[in-house]
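The values are calculated or read from the model by the stated rules, or taken from the named source; none is laboratory data. Worth saying up front: this structure is predicted, and the values here are computed from it rather than measured. All Cβ positions, glycine included, derive from the backbone under ideal geometry; neighbour counts span all protein chains shown. Accessible surface is based on the protein model in full, side chains and every heavy atom, while ligands, DNA and RNA are left aside. Shrake-Rupley method; radii C 1.70, N 1.55, O 1.52, S 1.80 Å.
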Amino acid sequence: MTKNSAVDPQAFAEHVAHLVRVIPEDPEITRAADLFTKALTGGGIIQAFGSGHSEAVAMEIAGRAGGLVPTNRLALRDIVRYGDAPRSELDRYDLERDPSIGRIILDLAPVRRGDLFVIISNSGVNGVVVELATLVKERGHDLIAITSRAHSDAVPSRHPSGRKLADLADVVLDNQAPYGDAVLPLPGGGATGAVSTITSALLAQLVVAQTVRNLLEAGEVPPVYLSANVPEGDAHNLRLEALYAGRIRRGA
C-alpha cells in the first residue's frame, strides 16, 4: 500500500470501533428484546430470515452457542430443501428480488401463532424480504427489521407495493451502515470495507443478551445453547431442542 493510499485498514477498524460504541445506545434494542421476551414467554419461537450476506446474521440468531434454542432460520434454499423447486432455482441472480419466493418460504416454514419474525436486509428493498414482511404482518406476527436506514432511504423499493422492510416492521434496528455498505473510499470511485454484517450481528447479539436478562429477571431459566464443542454440549442442546420438536430446523 502506498503512503498516499486512501485505503487504511486502521481507519476501518476505528470506524467499526465507533459503531460498536454507539449502536448499543439505540433504545430500539430494548424494544426488540421485549418482543423476543413476549414471544418466548407466550410459547412462540423466533423466526429469522436473511438472504445473501444477511443470512449470516440470521445464523447469529438461530442455532449458535450462547444463543436462544427456540429459534428457526428461514432461507432461500428452503424452496428446494422443503419445497419442490428445482435446484437450478438457487442459481438465479435475481432470486431475492422475486416477491413470489417470499410467500413460498413462509408457506413452507413451521410457523405458529405467537412466533416472532426477524428479517435482516441491509437495503430492505428486495422483493423477497418485502413480500415476506408483508405476509408476516398480514398473518398477525410481530416483526423486527435489521437494516441500514441510510441505504434503504436512498434507493427505491423493488417490490410492486413500493414499500420497504422498514415500513412494515414493528421495530427497526439500524445497523448504521452507509449507502453502499463500505466505508473506505477508493481513489477511482467506489469503496471497500463493508460494515453491515459486523454491526447487524452486534445488534442481534445485543437483543439476545437483553432477552436473556429479561428472562432471568422474571425468574425463568433461559433456554440457551452450549457450544457443541464442549463435552456436555450435545446432551444439553438436544434436551432443549426436543422441547421444540417440529418447530425448529437445524443444519445447512
Find how many whole Å separate the alpha carbon centroid of the stretch 185-203 from the alpha carbon centroid of the stretch 89-105.
25 Å
Is the stretch 66-163 best put as rounded, prolate or oblate by its Cα gyration tensor, with a ≥ b ≥ c the root eigenvalues, rounded for a/c under 1.5, and otherwise prolate when a/b is larger than b/c, oblate when not?
oblate
With a 1.4 angstrom probe the carbon and sulfur portion of accessible area for the chain, in percent, totals 52 percent
Distance between modelled label sites at Ala154 and Ala191, nm, 7 Å Cα→Cβ extension:
0.6 nm
Provide, as a two-decimal number, the C-alpha radius of gyration of the stretch 21-91 over 2.2 N^0.38 Å, N being how many residues it has.
1.36
Mean-position separation - Cα centroids, the stretch 220-252 and the stretch 9-64, in angstrom:
20 Å
May I have the convex hull volume per residue, in Å³, for the Cα set of the stretch 103-245?
159 Å³
Under a crude label model (7 Å from the Cα following the beta-carbon direction), how far is Arg87 from Ala11 in nanometres?
4.5 nm
Taking the convex hull of Cα positions in the stretch 1-131, its mean projected area over all directions (nm²)
11.2 nm²
By DSSP, what percent of the beta bridges with both residues in the chain are antiparallel, rounded to the nearest 5?
20 percent
In whole µm²/s, the translational diffusion coefficient that Stokes-Einstein assigns to the chain, given a Kirkwood hydrodynamic radius over C-alpha pairs, 37 °C and 0.692 mPa s, equals 173 µm²/s
Of Val230, Leu203, Gly189, which is farthest on the positive side of the dipole of the chain, counting Cα position, with +1 on Lys and Arg Cβ, -1 on Asp and Glu Cβ, and the Cα centre as origin?
Val230
Taking the Cα centre of the chain as the origin, how large is its charge dipole in debye, to the nearest 20, when only Lys and Arg (+1) and Asp and Glu (-1) carry charge on their Cβ atoms?
360 debye
To the nearest 0.05, what FRET efficiency results for Val20 and Val230 with a Förster distance of 30 Å applied to their C-beta separation?
0.65
Given H placed on each backbone N at 1.01 Å, which residues far from Ala191 in sequence or on other chains put an amide H within less than 5 Å of it?
Leu186
How would you rank 183-191, 69-77, highest first, on the average number of other Cβ atoms within 10 Å across their residues?
69-77, 183-191
Paramagnetic reach from Glu217 in the stretch 25-43 [backbone N under 17 Å; point 7 Å along Cα→Cβ]:
25-41
From DSSP H assignment alone, runs of 4+ in the chain each adding -39500 (n - 2.57), the sum over residues rounded to the nearest 500 puts [θ] at 222 nm at -12000 deg cm²/dmol
